[in-house]
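All of the numbers you see were taken from the coordinates with simple rules; none came from a lab. Remember, predicted model here, so these are calculated numbers, not experimental data. Don't worry about glycine lacking a Cβ; one is built from the backbone with ideal geometry, like all the others, and counts go over all protein chains shown.
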Amino acid sequence: MLDVVRIGADILARKAEPLLEFNDALKETIAHMFEAMARDRGIGLAAPQVGIGSRFFVVSIDGDQPRFFANPEIVMTSEEQVDYEEGCLSIPGVYAKVKRSAFVKVQAYNERGRPFVLEADGLLARVILHENDHLNGVLFVDRLGDAKRARLLAEYERRLRI
Ligand SMILES: [Zn+2]
């Protein structure tokens, strides 16, 4: 079982490297990531969050098929943005509204290394953008104003000490 890395770990602030090998070890890692995500009731989990500095993530939203994205490129986002409350398995207990594009077109590779293009809106678009941020060392709290980010993280750390 994989442990989820918490905010403060270097790997969460680094840009991940392209995934090069689509092999059996990857399939096993993906299965473990889906397990960890289900255990922690998440809907998305990026490789850096389990200590792997590669560009891939998994998504599992109620009512949708489980999804895997490797080496994703966001090829288009809508100008229309929406505000929605987000959380992150790497910052447990912290939630805040984040503004993101309502629609996204992403190009990526599946677990067998085959390319695909996906257009998404709603929650799926949001999760794709959140997880893609992880591959660039960006957490959702980094998209908030400095004061709000600082307040939320101070509360988070206070809770850790209790
Ligand atoms: Zn996250």
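Annotations for the structure displayed:
- Most mobile listed residue (PHE68, PHE22, PHE57) in the chain, GNM with C-alpha springs under 10 Å: PHE22
- Proximal charge balance of ALA108 [Cβ under 13 Å; K/R count +1, D/E count -1]: +1
- The dipole here belongs to the chain: it is taken about the Cα centre, uses +1 on the Cβ of Lys and Arg and -1 on the Cβ of Asp and Glu, and is about 440 debye.
- Of the residues PHE140, ILE30, HIS130, the one whose Cα sits farthest toward the positive end of the charge dipole of the chain, with +1 on the Cβ of Lys and Arg and -1 on the Cβ of Asp and Glu, is PHE140.
- Evaluating kT/(6 pi eta Rh) at 10 °C and 1.306 mPa s, with the Kirkwood radius of the stretch 112-162 over Cα pairs in the Stokes-Einstein relation, gives 118 µm² s⁻¹.
- For the stretch 96-162 and the stretch 1-50, distance of Cα centres in Å: 14
- Two-decimal Rg/Rh across the chain, once Rg and the Kirkwood Rh are taken from alpha-carbon atoms: 0.95
- With the largest listed first and rounded to whole Å, the semi-axes of the equivalent ellipsoid of the stretch 66-129 from the Cα gyration tensor are 23, 16, 8.
- With contacts taken as Cα pairs under 8 Å and at least 6 residues apart, the chain reaches a relative contact order of 24 percent.
- Kirkwood Rh and Cα Rg combined as Rg/Rh, the stretch 1-76: 0.95
- The helix-only estimate of mean residue ellipticity at 222 nm for the chain, built from DSSP H runs of length n ≥ 4 each weighted as -39500 (n - 2.57), is -9500 deg cm²/dmol after division by the residue total.
- Taking Lys and Arg as +1 and Asp and Glu as -1, the other residues whose beta-carbon sits under 13 Å from that of ALA150 total 0.
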